[in-house]
Amino acid sequence: TVQVNGNVAAKCFVGTPIGGTINLGELAQEDGTVDPAFSKAGEKSAMFTVRCNGANPQLSVEALPLVNSAATQVANGYTNKVHYTAKLEAKRAKGDTTTVSNQSRNNGATTERLGDRLAAEANNLKLSISDGSTESTTAILDAGVYQGSVNVTITAPL
């Protein structure tokens, strides 16, 4: 009798690269304050495909604020920073979802375990942007280009 053995390491594979751009368009309302709903956005979400070969991968999301880096000296009553919430929804094998949210006001990422296996299908992760805000609700946004980012990390099950 000859035994044959092998093993499979825990891993996650990104089928659709977690990258690209979510263009929120005009961030301000007519009065110059932030539009909390980002209602003029052409898109507020993106889909990605990730495959993990084990149960309970770790999901991590970190939202970094939108900043107008050209506006270096902001006058009183104005701002060059827009905060928002980044929400990562992961479809589970059982059909429901696990959601991990992070506000750009907070330092550091929000991390949670999926609590199941990722659904073995395309577009099983959705990243959404919502809830625009500024430090002061009456602050006027300085004109210019605002850029931020969301860091998404999927860690293989232990």
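The values are calculated or read from the model by the stated rules, or taken from the named source; none is laboratory data. Bear in mind the structure is a predicted one, so any value in this text is a computation, not a measurement. Here the Cβ is made from the backbone with ideal geometry for all residues, glycine too, and neighbour counts use every protein chain on show. Heavy atoms of the whole protein, side chains included, go into the accessibility calculation; ligands, DNA and RNA do not. Shrake-Rupley method; radii C 1.70, N 1.55, O 1.52, S 1.80 Å.
In segment 112-126, is there at least one residue being over 30 Å from A10 (Cα atoms) and either touching a Lys or Arg at 6+ places or on another chain (Cβ under 6 Å) or not hydrophobic (A, V, I, L, M, F, W, C) (or both)? Steps first, please.
Let us first name the residues in segment 112-126 that are over 30 Å from A10 (Cα atoms), namely none.
Looking for residues that are over 30 Å from A10 (Cα atoms) and either touching a Lys or Arg at 6+ places or on another chain (Cβ under 6 Å) or not hydrophobic (A, V, I, L, M, F, W, C) (or both), one finds none in segment 112-126, hence no.
Counting only residues that are hydroxyl-bearing (S, T, Y) and under 25 Å from A90 (Cα atoms), which one in segment 11-39 is least open to solvent (accessible area, probe 1.4 Å)? Break it down stepwise before answering.
The first filter runs over segment 11-39 and keeps only residues hydroxyl-bearing (S, T, Y), leaving 16, 21, 33, 39.
Imposing the further condition that a residue be under 25 Å from A90 (Cα atoms) reduces the set to 16, 21, 39.
Numbers: T16: 50, T21: 112, S39: 82 Å².
Once the filter is applied, the top-ranked residue is T16.
Of all the residues that make up segment 52-69, how many are on the phi < 0 side of the Ramachandran plot, more than 15 Å from the chain's Cα centre (by Cα) and either modelled with pLDDT under 95 or crowded, with 19+ Cβ neighbours inside 10 Å (or both)? Let's see the steps before the verdict.
Kept after step one, since they are on the phi < 0 side of the Ramachandran plot, are these residues of segment 52-69: 52-55, 57-69.
Narrowing further to those that are more than 15 Å from the chain's Cα centre (by Cα): 52-55, 57, 67-69.
Filter once more, keeping what is either modelled with pLDDT under 95 or crowded, with 19+ Cβ neighbours inside 10 Å (or both): 52-55, 57, 68.
Number satisfying all stated conditions: 6.
Could you list all residues from segment 123-141 that are open to solvent by 40 Å² or more (accessible area, probe 1.4 Å) and either within 22 Å of T79 (Cβ to Cβ) or within 14 Å of the chain's Cα centre (by Cα) (or both)? Explain how you work it out, then say what you get.
Step one: list which residues in segment 123-141 are open to solvent by 40 Å² or more (accessible area, probe 1.4 Å), which gives 123, 126, 130-131, 135-138, 140.
Within segment 123-141, K126, S130, D131, E135, S136, T137, T138, I140 qualify.
Have a look at T49, T72 and point out the one that is under 21 Å from K11 (Cα atoms) and either among the β-branched types (V, I, T) or open to solvent by less than 20 Å² (accessible area, probe 1.4 Å) (or both). Write out each step before concluding.
Values: T72 fails: under 21 Å from K11 (Cα atoms).
That would be T49, the only listed residue that is under 21 Å from K11 (Cα atoms) and either among the β-branched types (V, I, T) or open to solvent by less than 20 Å² (accessible area, probe 1.4 Å) (or both).
Tell me, yes or no, whether segment 14-25 has at least one residue that is touching a Gly at 6+ places or on another chain (Cβ under 8 Å), part of a strand (DSSP E or B) and over 21 Å from T99 (Cα atoms).
no
List the number of the failed condition for A120; all other conditions in (1) part of a loop (DSSP other than H, G, I, E, B); (2) crowded, with 18+ Cβ neighbours inside 10 Å; (3) of a type in the set (A, V, I, L, M, F, W, C) hold.
In the conditions (1) part of a loop (DSSP other than H, G, I, E, B); (2) crowded, with 18+ Cβ neighbours inside 10 Å; (3) of a type in the set (A, V, I, L, M, F, W, C), A120 misses (2) alone.
Filter segment 52-76 for residues that are out of contact with any Lys or Arg (no Cβ under 8 Å at 6 or more places or on another chain) and outside any loop (DSSP other than H, G, I, E, B); which is farthest from E112 (Cα to Cα)? Outline the logic, then answer.
Looking only at segment 52-76, we keep the residues that are out of contact with any Lys or Arg (no Cβ under 8 Å at 6 or more places or on another chain), and these are 60, 62-64, 69-76.
Applying the additional criterion that residues be outside any loop (DSSP other than H, G, I, E, B) yields 60, 62-64.
Values: S60: 7, E62: 12, A63: 15, L64: 18 Å.
So, considering only residues that are out of contact with any Lys or Arg (no Cβ under 8 Å at 6 or more places or on another chain) and outside any loop (DSSP other than H, G, I, E, B), the one farthest from E112 (Cα to Cα) is L64.
Name the single residue, out of those in segment 142-158 being more than 16 Å from the chain's Cα centre (by Cα) and under 29 Å from D31 (Cα atoms), that is surrounded by the fewest Cβ atoms within 10 Å (Cβ to Cβ). Break it down stepwise before answering.
The first filter runs over segment 142-158 and keeps only residues more than 16 Å from the chain's Cα centre (by Cα), leaving 142-146, 156-158.
This time we only want the ones that are under 29 Å from D31 (Cα atoms), so: 142-146.
Numbers: D142: 19, A143: 12, G144: 12, V145: 10, Y146: 19.
Per the stated criteria, the residue is V145.
Just wondering, is there one or more residues in segment 77-95 that are surrounded by 14 or more Cβ atoms within 10 Å (Cβ to Cβ), assigned to a strand (DSSP E or B) and at positive phi? Before you say what the answer is, go through the steps one by one.
Step one: filter segment 77-95 for residues surrounded by 14 or more Cβ atoms within 10 Å (Cβ to Cβ), giving 78-93.
Next, only the ones that are assigned to a strand (DSSP E or B) stay: 78-79, 81-92.
Those still in the list that are at positive phi too: none.
No, segment 77-95 contains no residue that is surrounded by 14 or more Cβ atoms within 10 Å (Cβ to Cβ), assigned to a strand (DSSP E or B) and at positive phi.
Quick check on R113: is it farther than 29 Å from Y146 by Cα, touching a residue at least 40 places away in the same chain (Cβ under 8 Å), surrounded by 15 or more Cβ atoms within 10 Å (Cβ to Cβ) and basic (K, R)? If you could, list the steps in order and put the result at the bottom.
Values: farther than 29 Å from Y146 by Cα: yes; touching a residue at least 40 places away in the same chain (Cβ under 8 Å): yes; surrounded by 15 or more Cβ atoms within 10 Å (Cβ to Cβ): yes; basic (K, R): yes.
Answer is yes for this residue.
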